[in-house]
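*Asks:* Got a structure for you, written out below as structure tokens; questions coming shortly.
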Amino acid sequence: MSADSTPEPGIPGENGSSNGPRHRRQRGRRKGLLITAWTAAGIVALGGTGAGYVYFKLNGNIKSVDIDQALGTDRPTKVDNGSENILVLGSDTRSGSNKKLGGGTDDGSARSDTAMIIHVYEGHKRASVVSIPRDTLIDRPSCTDAEGVKHDAANGVMFNSAYSTGGAACAVKTVESITGIRMDHYLEVDFSGFEKLIDELGGVEVTTTRAIDDPDSHLKLKAGTHTLDGEQALGLVRTRHGVGDGSDLGRIQLQQAFIKALVTQVKHIGLFTSPKNLYDLADTATKAVTTDSDLGSVNSLMSFTNGLKGISASHMHMVTMPVRYDPDDPNRVVVLEKKAQQVWTALKNDQPIPAAATTGNATGEAAGVVTS
């Protein structure tokens, strides 16, 4: 069974409008960054916030990390072919308001609970999304975090330990080491921010083809159609034991299905009829995310998201990095190097990911459980 959740994208049918009323332009901008992943939900609303007090307040909300300064010049060469690569992380810190959402012990650490590489093709009409399983065993390179602290390399460790070791900079360094591809941008959201964003969006409608009951993620759904609030949506993208084979791969399949539902539904949400709703969404979004320094301002985010507004859900190709279960530990996976290289080579060359790279790999057996 393949981890693919959508067919290879073709020619997009919607380009967004720049000639309609202001709320139409804002809707297009908001839609653009949603395409990148659930972490970016709502940021496009920044396009309507104007100037003055509101602008400076929202600008002050944004947290950023200077990835370029931390990593220096020892990185893959930036490919100048019109494409972009964005690393999107969902962090699972248990501190502060995240503790009741994440469960577990507040030990002051965090891991990249969700990791996706978003490759936006030249022309910004289609994208490929490659999920990296958090349980993948990898060789982590040495890196320097954003505070200037150096961290030694480590072999045979879980992928999500890169973030807990050295934060965003080490996570980016690890992804670039695995893929050989330079990450142009970085976006991160935590548990609390994700929950608030979904609530501000008015929830997301999904259909479950079977019941889901996972006490670990606090999610219990009957088979049928549901409008998930923020807490339920967070439970869905975190659940792994309530459906499929209980693996992180199954959770990834649920996450990919949720993204499709989110992107599909955003067209039908009337947030832009209310200035208050628009402001509340922008305020929540800018507080929720951490970006690389190049995106660390309202103007930069506006420009970035406006360049993505032509991408729709039907033109996103969603796959999981090719892996197999570790024969020594079924709770871990290892990279299928030859197939993974096919994926990275395709993205480097701004080409579609070949089907041969995404078939016959380990999956979580949760495909089709959630639909939009």
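*Asks:* Would you mind finding the one in Leu249, Leu271, Leu262, Leu254 that is open to solvent by less than 20 Å² (accessible area, probe 1.4 Å) and modelled with pLDDT under 70?
*Replies:* Residue meeting the stated conditions: Leu271.
*Asks:* What residue, among those in the stretch 126-166 that are assigned to a helix (DSSP H, G or I) and over 16 Å from the mean Cα position of the chain (by Cα), is surrounded by the most Cβ atoms within 10 Å (Cβ to Cβ)? Break it down stepwise before answering.
*Replies:* Of the stretch 126-166, the ones assigned to a helix (DSSP H, G or I) are 161-166.
Subset that is over 16 Å from the mean Cα position of the chain (by Cα): 161-162, 164-166.
Details: Ser161: 19, Ala162: 30, Ser164: 19, Thr165: 20, Gly166: 24.
Filtering first and then ranking leaves Ala162.
*Asks:* Scan the stretch 204-261 for residues that are within 17 Å of Asn331 (Cβ to Cβ) and either assigned to a strand (DSSP E or B) or among the basic types (Lys, Arg) (or both) and jot them down.
*Replies:* Correct list: Asp214, Arg238, Arg240, Arg251.
*Asks:* Right, Ala367: among the aliphatic types (A, V, I, L, M) and at pLDDT below 95 or not? Write out each step before concluding.
*Replies:* Working: among the aliphatic types (A, V, I, L, M): yes; at pLDDT below 95: yes.
Taking the combined requirement at face value, the residue satisfies it.
*Asks:* Another question, if that's okay. Right, Asp214: touching a strand residue (DSSP E or B) at 6+ places or on another chain (Cβ under 9 Å), at pLDDT below 95, among the charged types (D, E, K, R) and open to solvent by less than 10 Å² (accessible area, probe 1.4 Å) or not?
*Replies:* Values: touching a strand residue (DSSP E or B) at 6+ places or on another chain (Cβ under 9 Å): yes; at pLDDT below 95: yes; among the charged types (D, E, K, R): yes; open to solvent by less than 10 Å² (accessible area, probe 1.4 Å): yes.
Yes; evaluated as a whole, the condition is true for this residue.
*Asks:* Here is a follow-up. Being surrounded by fewer than 23 Cβ atoms within 10 Å (Cβ to Cβ) and under 22 Å from Asp80 (Cβ atoms) is the filter here; which residues of the stretch 182-200 pass it?
*Replies:* Arg182, Asp184, His185
*Asks:* Still on this model: Does Val175 satisfy being assigned to a helix (DSSP H, G or I) and either open to solvent by less than 10 Å² (accessible area, probe 1.4 Å) or under 23 Å from Lys222 (Cα atoms) (or both)? Before the answer, list the steps.
*Replies:* Working: assigned to a helix (DSSP H, G or I): yes; either open to solvent by less than 10 Å² (accessible area, probe 1.4 Å) or under 23 Å from Lys222 (Cα atoms) (or both): yes.
Yes.
The values are calculated or read from the model by the stated rules, or taken from the named source; none is laboratory data. All values derive from a computational prediction rather than experimental measurement. Because the Cβ atoms are built from the backbone with ideal geometry, glycine has one as well, and the counts that use them run over all protein chains shown. Heavy atoms of the whole protein, side chains included, go into the accessibility calculation; ligands, DNA and RNA do not. Shrake-Rupley method; radii C 1.70, N 1.55, O 1.52, S 1.80 Å.
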